[in-house]
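Q: Once you've had a glance at the structure underneath, I'll fire off some questions.
The values are calculated or read from the model by the stated rules, or taken from the named source; none is laboratory data. As the structure is a computational prediction, the values presented were derived from the model and not from experiment. When we count neighbours, we look across all protein chains shown, and the Cβ atoms used for this are built from the backbone with ideal geometry, even at glycine.
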Amino acid sequence: MNSEQLEKYTSAITLSDMEIFVFPELMYSLVLANIMSPVIWRWRELDCFKKLQGKSRYRKLMRLKQFIIDEFEFNLDLETWGLTSQDKELKRFEKFVSPTDIARSNALFGYHGDKYYFDVDIRRHFGLDKYHNDIIPYWKTETVEAMDAFRLKEGYRTGAGECVSLAVLYVAAAFIICEIPLEDIYMILTPLHSQNFIDTQGGVLTNNRRLVTKTMWFNGTAISNKAQRALRNENVTIVAHSSGYIHCLYEDATIDKELYRRFAGKLDEYLTTDLSLFVFASFLRTCHEHQKFFQVCCDCHGQAQFVKAEVLFHYEHGSNYRVGDKTLCKLLAEVSDEDFVRYQLPGRIRCDELEEFIEKERPDLRRAEGKSALRRFVEPVVGDAEQLVNDLADFLHTEAKLPAPDKNFVPADPVGISVRQSRREIIEHLQQERQSNYTADLAFYAYRDVEHSDWTPFVKAAVERNPVSIQMTGSMSIDEVYGWLEQMRNISIYDGKRLAQPDEVANFQSGDGIEKAILLANVIRERGLEQDLEIIAEGSDVILKGEKEHGFASTKGLDKRFRICAAGAVPVVE
């Protein structure tokens with residue numbers, strides 16, 4: 001490998017958010033790694049999924065959502081994977097992306113696309129204000145094994161992962177559990193978030209652990225408002241798909257051009273709805289400053305009664321019933337008599353009259369004439385009718401800021417795996433594709449397969465980008481570090497001939513002997529000792545040779561010898 005290839009292949013192992021931004025093909029490589037993993041395939045044997053065999057993929061998807069909510073936490077702890085610096089990251093990637101472009105597209109380097117984060121001060125929001133301004137988190141996208149292993153970490157009762165990890169998990173699980181073809185799933189990355197668009201039932205958006213249907217997108221609840229934040233406010237930096245990717249900065253795109261065009265259209269349909277009383281009620285639910293201009297009329301023994309809209313929305317809290325849908329009558333039954341009046345409230349629009357207007361005029365708020373019609377209807381009551389109409393128009397349609405389609409679309413081999421294939425058949429297929437398909441080859445590095453891959457990227461990543469193991473052992477002598485490793489569980493979080501990185505061993509306090517030896521080598525090397533280190537793995541025995549020898553027991557059955565040179569040199573793997 002040349003230096004640029006080596007940078008990409010080591011990134012496939014450490015998978016920081018920054019590395020995925022620079023090398024977008026890594027996003028799908030991790031999807032394939034999770035699909036190859038036995039973890040999600042074991043879920044298929046659980047009763048909650050077995051009993052759904054033969055059911056629709058949409059129903060399976062809804063059950064998968066609850067499983068992920070139950071089994072995984074959203075984790076954005078700054079110190080899980082350690083800290084780095086802006087200067088270090090910019091220097092590392094200057095050959096690939098200019099610092100100016102990174103600052104325009106990455107929240108930790110100056111991006112302020114989302115007004116919410118700009119207002120709260122992003123460094124303070126993420127707890128970075130306690131560090132020097134140059135310090136940023138070294139956020140990593142976790143494999144499914146690392147997500148599962150959070151159960152071993154103090155303070156966690158379930159698995160965990162950050163938003164990119166959860167997005168990748170959803171793609172792999174939707175493919176394996178719900179039998180949704182990869183062709184129907186599009187991954188959407190913004191500077192501050194990662195989610196997926198699944199082309200089923202009019203569109204389903206994944207958002208961290210949850211799923212958002214089109215109906216939910218327009219229900220006006222606090223959870224839906226949070227789910228909207230990224231697509232409403234941020235530029236989409238990458239769209240990744242089984243056919244390839246498109247990147248906001250790169251001229252070449254490998255995604256199928258026609259599929260990208262269709263995706264943009266389907267996403268636009270998902271983000272757009274027609275005006276109805278139900279949707280207008282959802283709009284008032286989220287834009288509560290406009291509630292004061294409306295009232296609801298209901299019948300009581302043949303006489304009209306009226307209630308203020310804001311009072312009625314207040315009753316929604318703690319109730320199973322909602323304003324604007326078929327449960328409205330039941331909600332009205334919960335309203336106290338003293339909140340009703342027997343006369344039409346002045347300075348307020350009756351919602352039944354609004355509904356008549358909508359059904360008769362059907363105003364299209366994406367067009368000037370539709371806006372004008374609604375503005376004329378509300379002007380007699382609403383002081384700033386223009387603002388209300390514009391706010392409603394924004395609610396009815398979100399314009400996703402996708403990468404421009406004027407790219408150089410370079411044909412690439414799509415990832416041709418099917419929901420009909422077994423795990424073994426998929427692994428064999430991807431193995432055959434490695435020579436011609438970059439993404440498939442990188443997938444085995446993300447999968448941590450050291451049996452069929454070059455060890456150099458794995459070892460280089462281990463001794464250059466694992467700050468947590470360094471920080472945890474900072475106050476220990478080398479002998480104390482060895483003792484600490486020896487008292488840990490001697491079980492890798494990865495099965496077979498696959499290896500964890502040092503920070504995974506340190507975080508989860510569990511590792512095979514060869515993984516522990518590499519962690520110890522990382523600590524020794526970081527301390528600037530002028531010595532080469534050699535690791536010799538022979539079956540069940542692993543020896544780390546330096547000034548002293550340290551022995552470890554292994555169940556990996558690996559036969560390998562490699563040298564880790566003094567600081568600054570690339571490891572030599574024999």
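Q: Take LYS407 and tell me if it is surrounded by 13 or more Cβ atoms within 10 Å (Cβ to Cβ), touching a residue at least 40 places away in the same chain (Cβ under 8 Å), outside the structural domain of GLN295 (by TED's automatic domain parsing) and touching a Pro at 6+ places or on another chain (Cβ under 8 Å).
A: no
Q: Which ones in the range 384-408 are closer than 15 Å to PHE280 by Cβ and assigned to a helix (DSSP H, G or I)?
A: Of everything in the range 384-408, those that are closer than 15 Å to PHE280 by Cβ and assigned to a helix (DSSP H, G or I) turn out to be ALA385, LEU388, VAL389, ASN390, ASP391, LEU392, ALA393, ASP394, PHE395, LEU396.
Q: Among the residues of the range 198-210, is there at least one that is in a strand (DSSP E or B), touching a strand residue (DSSP E or B) at 6+ places or on another chain (Cβ under 8 Å) and either at positive phi or modelled with pLDDT under 95 (or both)?
A: Yes, the range 198-210 contains at least one residue that is in a strand (DSSP E or B), touching a strand residue (DSSP E or B) at 6+ places or on another chain (Cβ under 8 Å) and either at positive phi or modelled with pLDDT under 95 (or both).
Q: Mind checking whether some residue in the range 265-274 is within 20 Å of GLY347 (Cβ to Cβ) and assigned to a helix (DSSP H, G or I)?
A: Checking the range 265-274: not a single residue is within 20 Å of GLY347 (Cβ to Cβ) and assigned to a helix (DSSP H, G or I).
Q: Show the residue pairs meeting these rules: Cβ distance below 7 Å; 6+ apart or different chains; first residue within the range 459-482 and of a type in the set (Phe, Trp, Tyr); second residue in a helix (DSSP H, G or I).
A: Between residues of the range 459-482 that are of a type in the set (Phe, Trp, Tyr) and residues that are in a helix (DSSP H, G or I), the close pairs are TYR482/LEU520.
Q: The conditions are (1) basic (Lys, Arg); (2) assigned to a helix (DSSP H, G or I); (3) assigned by TED's automatic domain parsing to the domain that holds PHE197, and ARG420 fails exactly one of them. Which is it?
A: Status for ARG420: all satisfied but (2).
Q: Just to be sure, is ALA309 among the small types (Gly, Ala, Ser) and farther than 30 Å from GLU386 by Cα?
A: no
Rundown of residues vs (1) within 27 Å of TYR270 (Cβ to Cβ); (2) hydrophobic (A, V, I, L, M, F, W, C), yes/no style:
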residue: VAL311; (1), (2): no, yes
residue: VAL323; (1), (2): yes, yes
residue: THR327; (1), (2): yes, no
residue: ILE349; (1), (2): no, yes
residue: GLU361; (1), (2): yes, no
residue: PHE395; (1), (2): yes, yes
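Q: While we're here: Hey, does the range 506-521 have a residue that's within 25 Å of the chain's Cα centre (by Cα), not assigned by TED's automatic domain parsing to the domain that holds GLY416 and not polar (S, T, N, Q)?
A: Looking through the range 506-521, at least one residue is within 25 Å of the chain's Cα centre (by Cα), not assigned by TED's automatic domain parsing to the domain that holds GLY416 and not polar (S, T, N, Q).
Q: Does the range 137-147 contain at least one residue that is of a type in the set (Phe, Trp, Tyr) and modelled with pLDDT of 95 or more?
A: For the range 137-147, residues of a type in the set (Phe, Trp, Tyr) and modelled with pLDDT of 95 or more: absent.
Q: Restricting to the range 33-85, what's the tally of residues that are of a type in the set (A, V, I, L, M, F, W, C), outside any helix (DSSP H, G or I) and touching a residue at least 60 places away in the same chain (Cβ under 8 Å)?
A: Of the residues in that region, 5 qualify.
Q: Please go through the range 508-552 and give me each residue that is under 15 Å from ARG448 (Cβ atoms) and part of a helix (DSSP H, G or I), ordered by number.
A: PHE508, ILE514, GLU515, ILE518, LEU519
Q: Suppose we filter ASP47, ASP70, ASP87 for residues that are acidic (Asp, Glu), at pLDDT 85 or above and over 30 Å from SER469 (Cα atoms); which single one remains?
A: ASP47
Q: Here's something else I'd like to know. Those residues that are among the charged types (D, E, K, R), more than 28 Å from the chain's Cα centre (by Cα), in a loop (DSSP other than H, G, I, E, B) and more than 20 Å from GLU19 (Cα to Cα), I need them from the range 451-495; list them, please.
A: GLU451
Q: Another question about this same structure. Identify all residues within the range 286-304 that are β-branched (Val, Ile, Thr) and closer than 18 Å to LYS330 by Cα; write none if there are none. Can you show your working first?
A: Step one: of the range 286-304, the residues β-branched (Val, Ile, Thr) are 286, 296.
Passing the criteria: only VAL296.
Q: Anything in the range 175-188 that is touching a residue at least 60 places away in the same chain (Cβ under 8 Å) and in contact with a helix residue (DSSP H, G or I) (Cβ under 7 Å, 6 or more places away or on another chain)? List them, or say none.
A: If the condition is that a residue be touching a residue at least 60 places away in the same chain (Cβ under 8 Å) and in contact with a helix residue (DSSP H, G or I) (Cβ under 7 Å, 6 or more places away or on another chain), then PHE175, ILE176, ILE177, CYS178, GLU179, ILE180, LEU182, TYR186, MET187 are the ones that fit.
Q: Shifting gears a bit: For GLU4, indicate whether it is closer than 20 Å to ILE102 by Cα, charged (D, E, K, R) and surrounded by 22 or more Cβ atoms within 10 Å (Cβ to Cβ).
A: Spelling it out, it is not the case that GLU4 is closer than 20 Å to ILE102 by Cα, charged (D, E, K, R) and surrounded by 22 or more Cβ atoms within 10 Å (Cβ to Cβ).
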